[in-house]
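To keep things clear, I will list the structure first and then write my remarks on it.
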Amino acid sequence: MRKLLALLALVTAPAIAADDLRPPLLLTGQRADVQDLSGRWTYSKDYYRTGLTDINGWVAKSRMQRHRDVDIAAEEAKPGPGFFEFDLDRGPGMQIPGAWNAAEPELRWYNGLIWFQRRFDVPAPKAGTRSFLRFEGVNYRAYVYLNGKEVGRHEGGFTPFVLEVTEALRAQGNRLVVGVDSKHDAQSIPGEITDWDLYGGITRPVKLIQTPATFIDDATLRLTDAGRLAGSLQLNGAQAANAQVSVQIEGLNLKAQATTDAKGEARFDIAAPAALKRWSPESPQLYAVRFASGADAVNERMGFRTLAVKGADILLNGKLVTLRGVSIHEEELGSNPARRMTESAARALLTEVKTGLNGNYVRLSHYPHNETMLRVADELGLIVWSEIPVYWTVDWDNPAVLLKARRQQAETIYRDRNRAALALWSVGNETPVADNRTRFHAALAATVRELDPSRLISAALLVEREGYTVKIADPLLPHLDVMAVNTYAGWYGNDTLQDLAKVRWDLPTDKPLVISEFGADALAGHHDLGAEPKKWSEEFQAAYYRATLKMLAGIPNLRGLSPWVLKDFKSPRREHPVFQNGWNRKGLISETGQRKQAFDVMAEHYKNQAR
């Protein structure tokens, strides 16, 4: 039945197979010859996009083309009628990575095109080496030029892309220019209206990577249900075929070799050593894994575990697991977040989940988070739900939009498939039920099923309500391994907290259910000590959590919670001048890390569950 559903879903998709969604270059894993281009980049605002096109769609005038490799100060010193309307060498600067929204007050809600420039030198490359730029995240569209030459473009704000620059690179005085357009529309993923700050800019690291002429583009390894370590290694280059490759796991006395096929791919299938310790939230064992071929090597820290659904249960390493977690946005603690998710910033947030809330799970909403978040989750022992931003509504009938969503899903899978923490791929959030929407999501689920059958598929669904009876009647359910729903009874709508005791859940019980969202706003430090505290107070939020947890307790196949949300986050939709001021206040902690009373309610609930 599952194969039939996947086939039917793919029929509705653009005529491109899931395997063909693999990006042309990946360069995954940790490598030796990497130059981090983080630091001060100069920039130039271009609200009317005159650096791309002039009025009437004509070619941009040369005096406006920010990507040009020209010393403007020197040109201006020469006699003649020419002039320029930009100079990135003398422009203002900001720290990259980081969204421009936090750089200057005037950019807080800027939404459009900004050009960035980074000047850099490189050591003289060795003969026969190749050079690549790897962008881990540029939101939303990127136009990339090196030394005046366009080297590539990318659409999608949360996934990496790699461009070869071997021929365009020079030893000294490189001029890297990136046009970043944050504008969203009905054909973008996500669309132009969300409940979070879309942010703009080069929000994740940019790296210059040098490799041998034939290099390891990608390598993966996982533990199968049969107790074997299975994986693959992909070479790129003229000598990719019929090459010897190896994988080695430190601490397990394991080393295996293989030979690549005509396409440069080698596969591994090894009996797992008896000494292998499986990754789990209680014992997040990671191993140093080294993939090698010729002069190239890639290092990884990886955990190994199995994952399955059996009836209404989620099984991790064959044992029932209940997901004790919270939803989270990619936004660091602080009053002026820049989506600069360093390791310390990621660790600060995820430690609140692991040790503060007594959690074992985090829902990374509503888009693929920084790779650093996944790696820290691996280390701390937090099961991860990862989501692509098919959110509320998109152009469901447009094949090009579906292809964009499928590409984002594939780019995320190829980036994160070595993370043991990652358990659930979500194909969307709160989308209205309709035939075209269901076909869209079903095609995404089929893509995931083909590219990564080892993980579970879910989506955050809306529910139907008749009186006090809550139902799921979503035709997407057959395509999902885990049901998930968002519920806000007692916050939105006319229900009082006392009404929640009357709510009954009439749900299918043949699959595990996760309550992917529930929550209420509270301004940290705002209190109401009355018998029935009012909304926006910490007391109301805490009472809402108690009433909601009691309401949900009777669902027999409930296997996880991820209330909305760990931290207050920026949202232009939320403009109450007393309580919000551009912040969604449903956080269990404030934007600066102050814990609200509801935090303790959830921490105690999860502590009791873990016993």
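Remarks
- Net charge of the neighbourhood of Tyr43, taken over other residues with C-beta under 11 Å away and scored Lys/Arg +1, Asp/Glu -1, is +2.
- Chain lengthening between Asp510 and Gln594 when straightened (0.36 nm per residue, less Cα-Cα): 26.2 nm
- Where GluC sites (Glu not before Pro) in DSSP loops with at most 14 other Cβ within 10 Å are excluded, longest remaining stretch of the chain: 283-574
- A straight line joining the Cα centroids of the range 512-559 and the range 119-197 runs 43 Å.
- Calculated FRET efficiency for the pair Lys550/Leu477, C-beta based, R₀ 22 Å, to 0.05: 0.25
- Taking every DSSP bridge with both residues inside the chain, close to 70 percent are antiparallel.
- Amide H contacts under 5 Å for Thr431, placed H, 5+ residues apart: Trp392, Leu462
- Positive contributions from Lys and Arg (+1) and negative ones from Asp and Glu (-1), summed over other residues with Cβ under 14 Å from the Cβ of Ala74, come out at -2.
- A simple spin-label model places pseudo-atoms 7 Å from Cα toward Cβ; at Asp397 and Ala230 they are separated by 4.1 nm.
- Difference of contour (0.36 nm per residue) and Cα-Cα distance, Asp269 to Asp19: 87.9 nm
- The modelled label-to-label distance for the pair Asp89/Glu106, using points 7 Å beyond Cα in the direction of Cβ, is 2.3 nm.
- Lys/Arg +1, Asp/Glu -1 at C-beta; the chain dipole; positive extreme among Gly237, Ala295, Asn358: Ala295
- Per-residue ellipticity at 222 nm, computed for the chain from helices alone with -39500 (n - 2.57) per DSSP H run of at least four residues, works out to -5000 deg cm²/dmol.
- Distance between modelled label sites at Glu167 and Glu282, nm, 7 Å Cα→Cβ extension: 5.8 nm
No lab work stands behind these numbers, since they all come straight from the coordinates. Everything quoted here is computed from the prediction, not taken from an experiment. With ideal geometry, Cβ positions are generated from the backbone for all residues, glycine too; neighbour counts draw on all protein chains shown.
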